[in-house]
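Q: I am attaching a structure below and will ask some questions about it afterwards.
The values are calculated or read from the model by the stated rules, or taken from the named source; none is laboratory data. These figures come from a predicted structure and were not determined experimentally. A quick note on method: Cβ atoms are made from the backbone with ideal geometry, for glycine too, and the neighbour counts reach across all protein chains shown. Areas reflect the complete protein model, heavy atoms only, side chains present, ligands, DNA and RNA absent. Shrake-Rupley method; radii C 1.70, N 1.55, O 1.52, S 1.80 Å.
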Amino acid sequence: MKPNAFLFFCIILVLIVYYTIEYVLHKRTISSFTHRIHVNGTRGKSSVTRLIRAGLSSMGIKVFAKTTGTMAREIHPDGTEYSIRRYGKPSILEQIKILKKAKSTGAGIVVIECMALEPRYQWASEALILKSDIGVLTNIREDHLDVMGPSLFDVAKSLASSIPIAGTVFTGKHLFNDLMTYVTKDRNTKYFPWQTEDENTVNQKEMEMFPYWEHKENVSLALKVCIYLGADRKKALEAMWQSKPDPGALTITPIHFYGNHFLFINAMAANDPNSTKFIWNETKTRFQDYKHRIILFHVREDRADRSIQLMKEISNWKDYDSIIFIGTGTNIAVQSLKESTTNDVSIFIWENFSLDEIFESLLSVLPKQSIVFAIGNIVGLGMDLTQYLKNRSEQII
């Protein structure tokens, strides 16, 4: 055998041995958990992951969770949280390390948020890495159409690729029951679709016990999973009330500053049109005494498609006074708004403004008793602004 050929053979042999060992060790890791829960969907994945972890912890079981959300987090069985450091671009191989970490904490259950977007990676994350026995699909909405689209049905097919084989799957509201029925039947998986009665699983008084603005659908879905796995409803719900929200969760920050008063509503993590519209309508219902409403849109130049999507939605709204654009690439969003709407509203363009400049400018243009409804993108300036205003707030609702 020639030297080069022999060297090539040795390298291949070493790789085969290495990956065989890794495969065996990974199988041992995932088999150490009583349940592996994989949470996917368009919106609410991080919230539902956190709620399920809290609810199942009420059973006295050690539960480890990992969220991707605004900021990737690992949540240990004792409730402590740690940021996940990444060197380079995110990869689904990260989930292998997370599962090893979960095992090292002695966790009996893992709740993992799906971090993949492309259909092939969603499938690989489930079928090759997590191999969950419980799947959760929060909802199916128009987002990341450049990767999972172009149609909403394509998004549904992409998300369905993460449904477990020979397991159980729970879904929130969606329009593709026939598709999910077909996929679950093909995979020999029990299917628990969202039912009309699920709307009333949690009442308004129970929702008001959350120290932050949580969505009833998220709580109902998480509670459904917890009860299925043996949790007591009352104890699970009480544990959920104590759980921490995702850093990008919907929050309401009241600002009082030298006679100025306004509510800053952070809806930037809800970056698809349907979710944004739902929160907007909820805001108007909750805060009817606030007659002045201003939209603050955090634009990211690398998310032009999302900006155009949201502008088309906002063009149908007629109950706000002005719109403020911050961030980068605002010209795309402004142009889209002008092309889509006939509403006569004031437009402010504060591109590349610093946090101090945004705050001071808000104080100068806002009428008293105003709502600032922040939408667009939470990552980067959106999160920084939220924290900046939180530090100047009297309280957080």
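Q: Filter the range 335-358 for residues that are in contact with a strand residue (DSSP E or B) (Cβ under 7 Å, 6 or more places away or on another chain) and assigned to a loop (DSSP other than H, G, I, E, B); which is modelled with the highest pLDDT?
A: Checking each candidate, the answer is PHE353.
Q: Now for a different question. May I ask you to say which residue of LEU366, LEU385 is in contact (Cβ under 8 Å) with a residue 12 or more places away in the chain and either within 28 Å of the chain's Cα centre (by Cα) or at positive phi (or both)? Show your work before the answer.
A: On the way: LEU366 fails: either within 28 Å of the chain's Cα centre (by Cα) or at positive phi (or both).
When all the criteria are applied, what remains is LEU385.
Q: Okay, moving on. Output the residues belonging to the range 53-91 that are closer than 26 Å to ASN377 by Cα, touching a helix residue (DSSP H, G or I) at 6+ places or on another chain (Cβ under 6 Å) and open to solvent by 30 Å² or more (accessible area, probe 1.4 Å).
A: Scanning the range 53-91 gives a single hit, GLY69.
Q: Considering only the range 131-179, state which residues are more than 19 Å from the chain's Cα centre (by Cα) and free of Cβ contacts under 8 Å to residues at least 12 places away in the same chain.
A: Matches in the range 131-179: PRO150, SER151, ASP154, ASP178.
Q: Follow-up question, since we're still on this one. If a residue must be hydroxyl-bearing (Ser, Thr, Tyr), over 21 Å from GLU217 (Cα atoms) and in contact (Cβ under 8 Å) with a residue 12 or more places away in the chain, how many such residues does the range 182-199 contain?
A: So the count comes out to 2.
Q: Further, regarding this structure: Going by what's in this entry, would TRP194 be described as under 20 Å from ALA156 (Cβ atoms), hydrophobic (A, V, I, L, M, F, W, C) and surrounded by 12 or more Cβ atoms within 10 Å (Cβ to Cβ)?
A: yes
Q: Of all residues in the range 34-49 being modelled with pLDDT of 95 or more and open to solvent by 10 Å² or more (accessible area, probe 1.4 Å), which is farthest from LEU221 (Cα to Cα)?
A: THR34
Q: Looking at (1) touching a Phe, Trp or Tyr at 6+ places or on another chain (Cβ under 7 Å); (2) of a type in the set (Phe, Trp, Tyr); (3) under 24 Å from ASN281 (Cβ atoms), which is the one condition that is false for TYR320?
A: Among (1) touching a Phe, Trp or Tyr at 6+ places or on another chain (Cβ under 7 Å); (2) of a type in the set (Phe, Trp, Tyr); (3) under 24 Å from ASN281 (Cβ atoms), TYR320 violates only (1).
Q: Any chance the range 225-232 includes a residue that's small (Gly, Ala, Ser), surrounded by fewer than 15 Cβ atoms within 10 Å (Cβ to Cβ) and modelled with pLDDT of 95 or more?
A: Yes, that holds for at least one residue.
Q: When you go through ILE165, ILE227 one by one, which is the residue that is in contact with a Lys or Arg (Cβ under 8 Å, 6 or more places away or on another chain), outside any helix (DSSP H, G or I) and farther than 16 Å from THR138 by Cα? Explain how you work it out, then say what you get.
A: Numbers: ILE227 fails: outside any helix (DSSP H, G or I).
Matching residue, one of ILE165, ILE227: ILE165.
Q: Working carefully through the options ILE255, ILE279, find the one that is in a strand (DSSP E or B) and closer than 22 Å to LEU381 by Cα.
A: Of ILE255, ILE279, the one residue that is in a strand (DSSP E or B) and closer than 22 Å to LEU381 by Cα is ILE255.
Q: Let me ask another. Need at least 2 residues that are touching a Pro at 6+ places or on another chain (Cβ under 9 Å), over 23 Å from ASP384 (Cα atoms) and in contact (Cβ under 8 Å) with a residue 40 or more places away in the chain per element, so show me which strands (runs of 3 or more DSSP E) inside the range 49-90 make the cut, counting only ones lying wholly within it.
A: Numbers: elements: 63-67, 73-75, 81-83.
In the range 49-90, the matching strands (runs of 3 or more DSSP E) lie at 63-67.
Q: If I go through the range 134-169 residue by residue, how many of them are of a type outside the set (Val, Ile, Thr), crowded, with 19+ Cβ neighbours inside 10 Å and under 23 Å from GLY108 (Cβ atoms)?
A: 4
Q: Picking from LYS338, LYS368, which residue would you name as being open to solvent by 50 Å² or more (accessible area, probe 1.4 Å) and farther than 16 Å from PHE325 by Cβ? Give the steps one after another, and end with the answer.
A: On the way: LYS338 fails: farther than 16 Å from PHE325 by Cβ.
Of the residues listed, the single one that is open to solvent by 50 Å² or more (accessible area, probe 1.4 Å) and farther than 16 Å from PHE325 by Cβ is LYS368.
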